[in-house]
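The structure appears right after this line, and notes come after that.
The values are calculated or read from the model by the stated rules, or taken from the named source; none is laboratory data. Keep in mind that this is a model prediction, so the values were computed, not measured. Virtual Cβ from ideal backbone geometry, glycine too; neighbours counted across all protein chains shown.
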Amino acid sequence: MPITSVDTDHDDLTLTIVADFAASRDRLWAAYADPRLIEQFWGPETYPAVFSRHDMFPGGQSRYVMTGPGGDTSRGYWEFLAVDQPHSFEVLDGFAGDDGEPNRDMPSMRMVFLFEATPGGSRLTMTTHFNSLAELEQLVGMGMIEGTTSAMSQIDAVLADLAMFAADIPAHAQRLSDTAVRVSRVIRGSVGDVWRAHHDPDLLKRWLLGPDGWEMTNLTPPAGEGSAFEYRWAPLEGTEGEPFSIGGEVRESHPENRLVHTERMEGFDGETLNEMTLTAVRGGTLLAIVITYESAEMCDQVLETGMVGGMESSYARLEGILA
């Protein structure tokens, strides 16, 4: 059990939990920064979490749902107030409604996570600040300490799995729901370089090609919130296939951190909502794209086209360019 102390201070209205780990501080930090990792322990053992959003930058947000053994769910959110990699981050933590949006009628707390290197590995000090004594007692009475203890008991197993922290894992798709998929890949390159590669026309033409044997014939890159973009590809001589295009509109743009846009693919009905987040991790930049489809059938249909394999070919090409 990694937890070494739990202190409830009724005068300062805080709950402080300290935990020690044999892994390095960088690895512990990465476990919290990577949605693929944090959802393996953020939640009691019987209530595993799924993060549909995890934007670890000041002003960023997270959305998650924990599902119990009986199918009951509990939703929560984070709003990132400060991030100082790999030393600390601070969030507003609260409950979310069925739509995933913050429920402002329920209590919210300010949480500070402090990461320190120790002779034996690393230490995490998690301090929760409550708004009132009644709120502190309410949430402790709801089992907050027991739930946190159960959740943190799972971190050691995550930290011990070396393969999960490898930077050479190909693009991987994880089904978050019937209609949502998260595609993740660590790109060897800085966050700034990966962001630029998604906006610079010359770079886009060199890497955003999918499988070998295709070329980009037309290009209008995204240019900030409210802009429209379009890419068109055609097969080179000797490659089977028909020209096609993808286009959409930018809904949100937070330079070097988050890009949200709609997307329509020629030959498929409807559109998707794509949410890309870039996070600095050891070995490069974690690129995570949550793609939400209009139906489960549409999601199945697109995944069966080999989309993830084509994305991996492009990301591998991008790595070579950045190198």
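Determine which member of the set 90, 135, 79 is over 22 Å from residue 8 (Cα atoms), assigned by TED's automatic domain parsing to the domain that holds residue 21 and not basic (Lys, Arg).
Just a single option satisfies the conditions, and that option is 79.
Taking the criterion of being under 19 Å from residue 176 (Cβ atoms), not hydroxyl-bearing (Ser, Thr, Tyr) and not in a strand (DSSP E or B), would at least one residue in region 58-69 satisfy it?
Yes.
Looking only at region 290-321, how many residues end up being of a type in the set (A, V, I, L, M), surrounded by fewer than 18 Cβ atoms within 10 Å (Cβ to Cβ) and farther than 20 Å from residue 272 by Cβ?
Of the residues in region 290-321, 2 are of a type in the set (A, V, I, L, M), surrounded by fewer than 18 Cβ atoms within 10 Å (Cβ to Cβ) and farther than 20 Å from residue 272 by Cβ.
Do you know which of the residues in region 107-137 that are polar (S, T, N, Q) and either surrounded by fewer than 14 Cβ atoms within 10 Å (Cβ to Cβ) or in contact with a Gly (Cβ under 9 Å, 6 or more places away or on another chain) (or both) is farthest from residue 77 (Cα to Cα)?
Residue satisfying both the conditions and the ranking: 118.
Starting from region 144-166, take each residue that is assigned by TED's automatic domain parsing to the domain that holds residue 45 and list its partners that are assigned to a helix (DSSP H, G or I) and of a type in the set (Gly, Ala, Ser), counting only C-beta distances under 6 angstrom and pairs at least six apart or across chains.
Cβ pairs passing all conditions: 158/31.
Output the number of residues of region 191-217 satisfying the condition of being surrounded by 13 or more Cβ atoms within 10 Å (Cβ to Cβ) and in contact (Cβ under 8 Å) with a residue 24 or more places away in the chain.
So the count comes out to 18.
Wholly within region 135-234, which strands (runs of 3 or more DSSP E) include no fewer than the required count, namely at least 1 residues that are of a type in the set (Lys, Arg)?
The strands (runs of 3 or more DSSP E) meeting that bar are 172-175, 180-187.
Go through (1) under 24 Å from residue 65 (Cα atoms); (2) modelled with pLDDT of 85 or more; (3) small (Gly, Ala, Ser); (4) in contact with a strand residue (DSSP E or B) (Cβ under 9 Å, 6 or more places away or on another chain) and name the single condition residue 151 misses.
(2)
Being at positive phi and not aliphatic (A, V, I, L, M), is that true of even one residue in region 139-155?
yes
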